[in-house]
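Quick note: the coordinates plus some simple rules give every number you see, no bench work behind them. Every value quoted in this text rests on a predicted model; they were computed, and no experiment measured them. Neighbour counts run over all protein chains shown; Cβ positions are idealised from the backbone, glycine included.
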Amino acid sequence: MEETARPLRPRQVAAVAVGNALEFYDFVTYAFFAVQIGRSFFPAHSPTGSLLASLATFGAGFLFRPLGALVIGRIGDRRGRKPAMLLSFGLVGLAVAGLACTPSYRQIGPAAPVLAVGFRMLGGFALGGEVGPSTAFLLEAAPPLRRGLYASFQAMSADVAVLVAGLVGVVLSNLLDEAALDAWGWRIALLGGAVIVPFGLLLRRSLDETLHDPAPAAAPPPAGIARIAVLGVALLAGATTTAYLLDYLTTYAATVLGMPTRLAFGATVTVGLCSAACDLLGGWLSDRYGRKPVLIVPACVLLLLVFPCFRLLDQFRTPLALYAAAAALASASALSTVSMIVVVTESLPRGIRSAGLGLIYAGAISVFGGSAQFMVAWVIAVTGNPLAPAWYMAGGVLVGLAAMLMLRETAPIRVAGASPGPGGGRARGMTGRRPPAGSAPGRTVQGRPGRR
């Protein structure tokens with residue numbers, strides 16, 4: 001049956017965004033306090049060994065993301081987006097609180113790292129199941145010509161979480177000494193995110209379901225899904241590599257550049273501010289000019305900036321150089337982030353959209369995002385080359401750029417030749433009837449991808 005998109009109320013947008021925000025707050029906070037968490041759970045003969053063990057545990061959470069995307073994503077496609085989002089958010093909260101409350105190695109011995117890895121895996125499972133249902137919900141609830149803008153609120157919530165995590169890190173690092181940060185400071189930072197879980201669950205219970213006629217479980221996948229999956233993984237591989245290396249700037253500034261922790265955390269604040277501002281702009285631009293232009297142009301700019309920025313850091317090693325590099329790289333990256341998620345989601349049929357997007361996203365982030373920080377830290381430790389993050393980031397951008405060039409345009413304004421109406425409603429050059437809220441542009445009545 002035909003579904004008409006009803007504008008989301010601010011409370012409903014917040015209900016969806018809060019899960020994404022907690023996801024990034026948790027993972028980014030772990031990255032920021034990787035040194036302190038390493039000392040708590042992984043005592044080693046050298047600081048580098050402790051840090052690598054901590055980052056390996058950080059990456060362990062990513063291994064379970066594909067499983068969560070499959071299990072919770074299928075719930076989202078069969079029973080509805082709402083129950084899937086409630087389950088994933090509840091498990092995320094349990095994982096965050098569990099890690100924050102796990103005693104240190106000194107207190108319970110080898111059980112401490114075992115519990116830490118276990119909670120990271122639970123968190124990875126939950127977060128793998130969060131992206132698909134929540135993104136599908138936002139796009140299905142959005143008017144067709146405003147999908148990019150609606151989806152940008154999810155990306156913006158992630159970057160606001162990065163900003164908040166950075167501010168928390170700045171405050172704690174200025175108020176506490178190193179011993180206190182190692183003992184309990186990082187725990188306070190994690191628990192600060194866990195307190196929003198009850199409120200987030202209440203908000204999500206008020207959501208209206210967007211999947212009104214779940215597709216049968218035995219429905220065959222449409223043609224072209226394999227191509228979409230491969231290109232989607234490559235596209236998101238570049239994005240997630242860049243994102244997690246930007247999050248790593250705080251650790252990089254403290255361990256490689258030798259900056260005080262309180263100054264290094266300023267990089268995170270800068271990344272969060274610039275990214276949050278550019279997310280909304282990128283979503284709006286993708287609705288107006290199409291997904292591909294907003295994917296390709298910022299990626300080329302990012303590729304031109306990455307080496308000059310890291311050379312600037314290596315040469316000057318000052319807070320001003322750090323914040324300038326962080327602002328430039330984060331802005332270029334964030335402008336295209338929303339379009340990446342939207343173009344993959346719009347390309348997938350509604351009946352497999354939740355699990356499909358979740359698996360594509362989880363596959364990319366598990367292999368590339370989960371390993372990025374560990375690999376860069378290892379390469380720096382082995383070679384002593386401070387430009388290792390630049391080479392790694394540039395490689396990810398090139399992979400993503402190649403996928404961008406092969407993807408088909410999915411923005412309704414480019415596919416149908418329409419232009420946005422004054423209020424984001426009807427479009428000139430289109431019929432008065434809106435397409436179904438959950439339908440992807442360019443599909444035939446059989447649900448197969450059409451030619452664009």
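Excluding Thr102 itself, what net charge comes from residues whose Cβ is under 12 Å from its Cβ, given Lys and Arg +1 and Asp and Glu -1?
For residues surrounding Thr102, the net value is +2.
Sort 377-389, 84-96, 121-133, 347-359 by the packing proxy (mean of other Cβ within 10 Å over each peptide's residues), most packed first. Intermediate results must be reported in sequence, preceding the final value.
Numbers: 377-389: 16.6, 84-96: 24.2, 121-133: 28.7, 347-359: 26.4.
By packing density, highest mean first, the sequence is 121-133, 347-359, 84-96, 377-389.
For helix 10-32, report the angle its Cα long axis makes with the longest principal axis of the Cα atoms of the chain; keep it between 0 and 90° and round to the nearest 10°.
30 degrees
Non-local amide H neighbours of Leu8 (under 5 Å, H modeled in plane, Pro and chain starts lacking H): which ones?
none
Just to be sure I understand the curve: with the Debye formula and one point per C-alpha of the chain, what is log10 I(q)/I(0) at q = 0.10 Å⁻¹?
Cα-only, vacuum Debye calculation for the chain: -0.66.
Residue by residue through the stretch 185-195, which ³J(HN,Hα) values in whole Hz follow from phi under the Karplus form 6.51 cos²θ - 1.76 cosθ + 1.60 (θ = phi - 60°), with glycine and proline marked x?
Running phi through 6.51 cos²θ - 1.76 cosθ + 1.60 with θ = phi - 60° gives x, 5, 5, 4, 4, 5, 5, x, x, 5, 5 Hz.
Could you sort the peptides 262-273, 239-250 by per-residue average Cβ neighbour count (10 Å cutoff), highest mean leading?
Values: 262-273: 23.9, 239-250: 27.0.
Ranking the peptides 262-273, 239-250 by packing returns 239-250, 262-273.
Seen from all sides and averaged, what is the projected area of the convex hull of the Cα atoms in the stretch 35-160, in nm²?
On the way: hull surface 35.0 nm².
Dividing the Cα hull surface by four gives the mean projection, 8.7 nm².
For the chain, find the longest principal axis of its Cα atoms and tell me its angle to the long axis of helix 147-175, 0 to 90°, nearest 10.
10 degrees
Roughly what would the spin-label model give for Val297 and Phe199, points 7 Å off Cα along C-beta, in nm?
Going by the 7 Å Cα→Cβ label model, 3.7 nm.
Please list the radius of gyration and Dmax for the stretch 109-154, considering alpha-carbon atoms only, with Å as the unit.
17.0, 56
When you take every Cα atom in the stretch 354-419, what is the radius of gyration, and what is Dmax, the widest Cα pair distance, in Å?
When restricted to the Cα atoms of the stretch 354-419, Rg and Dmax are 17.1, 54 Å.
Just to confirm a number: summing +1 for Lys and Arg and -1 for Asp and Glu over residues other than Gly358 whose beta-carbon lies under 12 angstrom from that of Gly358, what do you get?
Details: positive: Arg65, Arg74, Arg81, Arg353; negative: Asp77, Glu130.
Here the count lands on +2.
Based on the mean of other beta carbon atoms within 10 Å per residue, what is the order of 24-33, 106-115, 195-204, most packed first?
On the way: 24-33: 26.7, 106-115: 13.5, 195-204: 16.4.
Averaged packing, sorted descending, gives the order 24-33, 195-204, 106-115.
If one takes the longest principal axis of the Cα atoms in the chain, at what angle in degrees, from 0 to 90 and to the nearest 10, does the Cα axis of helix 291-316 lie?
Computed tilt is about 10 degrees.
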